[in-house]
Amino acid sequence: MAGRRRRRNPEITPELLLRAYSIGLFPMADSADDPELFWVDPDMRGIIPLDGFHVPRSLARTIRRKPFDIRFDTAFDAVIAACAAAAPNRPTTWINTPIRSLYSTLHRLGHAHSVEAFEGDELVGGLYGVSLGAAFFGESMFSRRTDASKICLVHLVERLKARGFRLLDTQFTTEHLKTFGAIDVPKADYEDLLANAVASPHLPF
């Protein structure tokens, strides 16, 4: 993650965390086993312009078949636990115990949310993130079935558009996210987008 600047802070409260998001910072850990957190302030920021979101044709066909039951905010702790867990294609993660605790508290306060894909009673994919004003900050996603997390992302964007959100922050871009329209924007441009979004009254998710 080139260009990030670290500012270690072992005493991060939920209130401080929301303040950090409002000025463009977010926390990470070096690994799931690392008890410390550091602030990240990228020089280039990943976003998905909501009016430029693109659903690949093959995924759109899959979505029409409705392979999963998509739910919102019914299993937040299970989603973040799954995002934190090692997987065959992801042997380590950055989601440590302090992060899980902080974001679970934000969820109870109405500022962290999850989108979940269920197959029967089994959670097979999902994502979570933070909402503040008219901004949503995507944090992590997981998938235990083909396309499960992608379908959750599509439902997230549909929900954000319906609620009037203005900014979907992805922190960084990946080739996977670029297929949906993710772009990198310079820090100064991002700060303008962020200021506009967080100046809005807090929108319901």
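The values are calculated or read from the model by the stated rules, or taken from the named source; none is laboratory data. Small disclaimer: the values here were computed from a predicted structure and weren't measured. All Cβ positions, glycine included, derive from the backbone under ideal geometry; neighbour counts span all protein chains shown. The protein model used for the area step is the full one, side chains on, heavy atoms only, and it has no ligands, DNA or RNA in it. Shrake-Rupley method; radii C 1.70, N 1.55, O 1.52, S 1.80 Å.
Overview of values
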quantity	calculated
Region 110-156 - convex hull of the alpha-carbon atoms, volume per residue in Å³	67 Å³
Estimated Rh, region 1-116: Kirkwood, alpha-carbon pairs, angstrom	16.4 Å
Value of relative contact order over region 121-191, rounded to a whole percent, pairs C-alpha under 8 Å and six or more apart	29 percent
Heavy-atom accessible area per residue - the chain, 1.4 Å, Å²	47 Å²
Within the accessible area of the chain (1.4 Å probe), percent carbon and sulfur	52 percent
Descending semi-axes in whole angstrom, ellipsoid equivalent of region 69-113, from the Cα gyration tensor	20, 15, 6
Total formal charge among the other residues, if their Cβ is under 15 angstrom from that of Ala32, Lys/Arg +1 and Asp/Glu -1	-3
The chain - charge dipole about Cα centre, Lys and Arg +1 at Cβ, Asp and Glu -1, debye rounded to 20	560 debye
Dipole magnitude (debye, nearest 20) for region 84-153, charges at Cβ of Lys, Arg, Asp, Glu	220 debye
